[in-house]
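See structure below.
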């Protein structure tokens with residue numbers, strides 16, 4: 001029986017089929033900040049066959065980056081952990097959980 005990780009890796013690899021990788025010279029490229037590319041610099045060039053290929057590539061990059069994920073204690077959403085103390089995916093969810101905890105304490109004290 002294959003592990004979950006092996007199944008995910010196989011599915012993502014299958015989704016990346018048809019995607020070509022290469023490099024391009026940065027000369028002549030204009031970047032979003034307005035700067036022109038350095039003639040001595042090279043960039044990775046990714047060419048997926050379609051939008052789904054881009055999605056698989058981004059997913060693969062997230063997996064390879066191995067950023068820690070956690071399930072939100074408030075709503076159950078999965079999120080990228082930016083601080084080890086983080087228990088909720090956003091401020092609104094954290095505030096909602098705090099309100100429910102305080103309301104529970106008020107009910108117990110009555």
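Measuring max minus min along each principal axis, the C-alpha atoms of the chain give extents of 72, 48, 23 Å (largest first). How tilted is helix 91-109 with respect to the longest principal axis of the chain? Cα atoms for both, answer in degrees (0 to 90, nearest 10). On a 0 to 90 degree scale, this one is about 10. Using Cα atoms only, what is the angle between the long axis of helix 51-65 and the major principal axis of the chain, expressed in degrees (0 to 90) to the nearest 10? Tilt of helix 51-65: around 70 degrees. When the inverse distances between all different Cα atoms of region 1-66 are averaged and flipped, the Kirkwood radius reads 13.9 angstrom. Stick to the Cα atoms of region 67-110, pair each with every other, and give me the Kirkwood hydrodynamic radius in Å at one decimal. After inverting the pairwise mean of 1/r, the radius is 11.3 Å.
Spacing of the modelled spin labels on residue 20 and residue 109, each 7 Å from Cα toward Cβ, amounts to 6.9 nm. Between the beta carbons of residue 50 and residue 91, assuming R0 = 30 Å, the FRET efficiency works out to 0.25 to the nearest 0.05. Taking Cα atoms, how many degrees apart are the long axis of helix 4-15 and the longest axis of the chain, rounded to 10 and kept between 0 and 90? Compared with the principal axis, the helix lies near 40 degrees. Measuring r between the beta carbons of residue 98 and residue 69 and using R0 = 25 Å, the FRET efficiency lands at 0.65.
What the Cβ-Cβ distance of residue 35 and residue 61 gives, at R0 = 22 Å and to the nearest 0.05, is a FRET efficiency of 0.35.
Every read-out reported here was derived from the displayed coordinates using simple, explicitly stated rules and does not represent laboratory data. Everything numeric in this text was worked out from a predicted model, so none of it was measured. Don't worry about glycine lacking a Cβ; one is built from the backbone with ideal geometry, like all the others, and counts go over all protein chains shown.
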